[in-house]
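Asks: I have a structure here, written as structure tokens, and I will follow up with some questions on it.
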Amino acid sequence: MNSGTLDILGARILIVDDQEANVQLLEQLLGNAGYTRIASTMNPREVCALHRKNCYDLILLDLQMPGMDGFAVMASLKSSTTESYLPVIVLTAQPGHKLRALQAGAKDFISKPFDLVEARTRIHNMLEVRLLYRKLEGYARELEQTVQERTAELRESEARYRSLTELASDWYWEQDETGNFTRVSGPVLEMLGIQVESLAGETAAAGLAGWNEDERAALQARIADRQPFIDLAFSRVNADGSRQQYRVSGEPMFNRACRFIGYRGIGVETTAGR
């Protein structure tokens with residue numbers, strides 16, 4: 001006997017029928033088939049409380065019962081539990097009730113009077129599907145937890161990366177696919193004396209005064225080609241004739257769909273005597 005069969009035979013089953021003879025017949029049927037966790041009630045008003053307490057894998061539910069019929073029981077089960085899968089097989093002698101029961105949320109039906117072979121087969125098939133459904137729920141929870149853990153690890157790794165780059169450089173920067181800077185850390189504004197948007201831009205001519213045009217063109221070409229660059233020289237001559245030198249490194253960023261989303265990098269001032 002394999003583990004799947006053992007799981008099915010160990011499933012929690014509730015029989016709901018107001019006729020004691022039907023309850024006894026189903027209990028005998030299930031016991032002879034090897035099922036070991038069988039419960040029953042002749043009071044349909046107890047079903048919701050019993051299901052909340054025991055979380056049954058299958059409820060065999062009679063439709064025609066005094067006081068509260070099977071349709072009302074299914075409606076109550078839907079409203080009182082958060083479970084999306086209603087594990088109900090209805091028991092009915094009325095052919096016209098079968099479609100209505102399925103529309104109400106039942107997963108299958110067994111006709112009265114019982115055909116014992118048919119009843120065993122429908123119950124086994126239903127529990128097999130139920131077992132697979134619960135396994136899928138478990139896999140989904142594990143996957144969600146794994147994704148959350150990996151996301152947390154990535155965020156922590158990114159935080160460490162940024163911290164290290166900031167310690168190893170004068171400034172750290174990120175820009176989006178249009179070239180706009182979305183993150184800048186470090187004393188870059190004070191060191192450069194201009195807005196960082198001017199570093200690789202085509203405008204802001206006043207901010208570009210004194211920058212080496214050949215070096216700036218080389219940087220622009222790398223960015224346009226989506227190429228990484230390491231220690232790219234960048235320099236300018238200030239209004240007082242002094243010269244400032246920098247080295248800039250950067251790499252393109254892509255999302256999971258391999259779409260370019262911008263650049264990130266670091267910059268260091270290498271001016272002699274700094």
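Asks: Could you list all residues from the stretch 29-57 that are under 18 Å from Met74 (Cα atoms) and part of a helix (DSSP H, G or I)?
Replies: Pro44, Arg45, Glu46, Val47, Cys48, Ala49, Leu50, His51, Arg52, Lys53, Asn54
Asks: Are any residues in the stretch 141-188 closer than 27 Å to Asp225 by Cα, modelled with pLDDT of 80 or more and among the hydrophobic types (A, V, I, L, M, F, W, C), and if so, which ones?
Replies: Trp173 - this is the single residue of the stretch 141-188 that is closer than 27 Å to Asp225 by Cα, modelled with pLDDT of 80 or more and among the hydrophobic types (A, V, I, L, M, F, W, C).
Asks: Further, regarding this structure: Out of all the residues in the stretch 42-54, is one or more closer than 17 Å to Arg122 by Cβ and at pLDDT below 95?
Replies: No, that holds for no residue.
Asks: Listed residues Asp115, Asp108; which is in contact with a strand residue (DSSP E or B) (Cβ under 8 Å, 6 or more places away or on another chain), at pLDDT 90 or above and of a type in the set (D, E, K, R)?
Replies: Step by step, each of Asp115, Asp108 is checked, and only Asp108 is in contact with a strand residue (DSSP E or B) (Cβ under 8 Å, 6 or more places away or on another chain), at pLDDT 90 or above and of a type in the set (D, E, K, R).
Asks: Here's a follow-up. Restricting to the stretch 217-237, and then to whatever is under 16 Å from Gln175 (Cα atoms) and touching a Phe, Trp or Tyr at 6+ places or on another chain (Cβ under 8 Å), can you tell me which residue is surrounded by the fewest Cβ atoms within 10 Å (Cβ to Cβ)?
Replies: So, considering only residues that are under 16 Å from Gln175 (Cα atoms) and touching a Phe, Trp or Tyr at 6+ places or on another chain (Cβ under 8 Å), the one surrounded by the fewest Cβ atoms within 10 Å (Cβ to Cβ) is Arg226.
Asks: Just checking, how many residues over the stretch 238-274 are among the charged types (D, E, K, R), free of Cβ contacts under 8 Å to residues at least 60 places away in the same chain, over 14 Å from Trp211 (Cα atoms) and surrounded by 12 or more Cβ atoms within 10 Å (Cβ to Cβ)?
Replies: Summing the residues that are among the charged types (D, E, K, R), free of Cβ contacts under 8 Å to residues at least 60 places away in the same chain, over 14 Å from Trp211 (Cα atoms) and surrounded by 12 or more Cβ atoms within 10 Å (Cβ to Cβ) in the stretch 238-274 gives 1.
Asks: Additional query: Applying the selection to the stretch 84-94, what residues are surrounded by fewer than 20 Cβ atoms within 10 Å (Cβ to Cβ) and either without any contact (Cβ under 8 Å) to a residue 12 or more places away in the chain or polar (S, T, N, Q) (or both)? Full working, then the answer.
Replies: In the first step, residues of the stretch 84-94 are kept if they are surrounded by fewer than 20 Cβ atoms within 10 Å (Cβ to Cβ); the result is 84-86, 93-94.
Residues satisfying the conditions are Ser84, Gln94.
Asks: Taking His124 as meeting all but one of (1) crowded, with 19+ Cβ neighbours inside 10 Å; (2) at pLDDT 90 or above, write down the number of the exception.
Replies: (1)
Asks: Just checking, does the stretch 96-103 include any residue being modelled with pLDDT of 95 or more, closer than 21 Å to Ala119 by Cα and touching a Phe, Trp or Tyr at 6+ places or on another chain (Cβ under 6 Å)? Spell out how you get there, then give the answer.
Replies: Residues of the stretch 96-103 modelled with pLDDT of 95 or more: none.
Among the residues of the stretch 96-103, not one is modelled with pLDDT of 95 or more, closer than 21 Å to Ala119 by Cα and touching a Phe, Trp or Tyr at 6+ places or on another chain (Cβ under 6 Å), which makes the answer no.
Asks: Another question, then. Residues to consider are Gly105, Gly96; find the one that is assigned by TED's automatic domain parsing to the domain that holds Ile8 and at positive phi.
Replies: Gly105
Asks: Out of the stretch 64-112, which residues are charged (D, E, K, R) and more than 18 Å from Arg45 (Cα to Cα)?
Replies: The answer is Glu83, Lys98, Arg100, Lys107, Asp108, Lys112.
The values are calculated or read from the model by the stated rules, or taken from the named source; none is laboratory data. These figures come from a predicted structure and were not determined experimentally. As a convention, Cβ positions derive from the backbone with ideal geometry for all residues, glycine included, and neighbour counts pool all protein chains shown.
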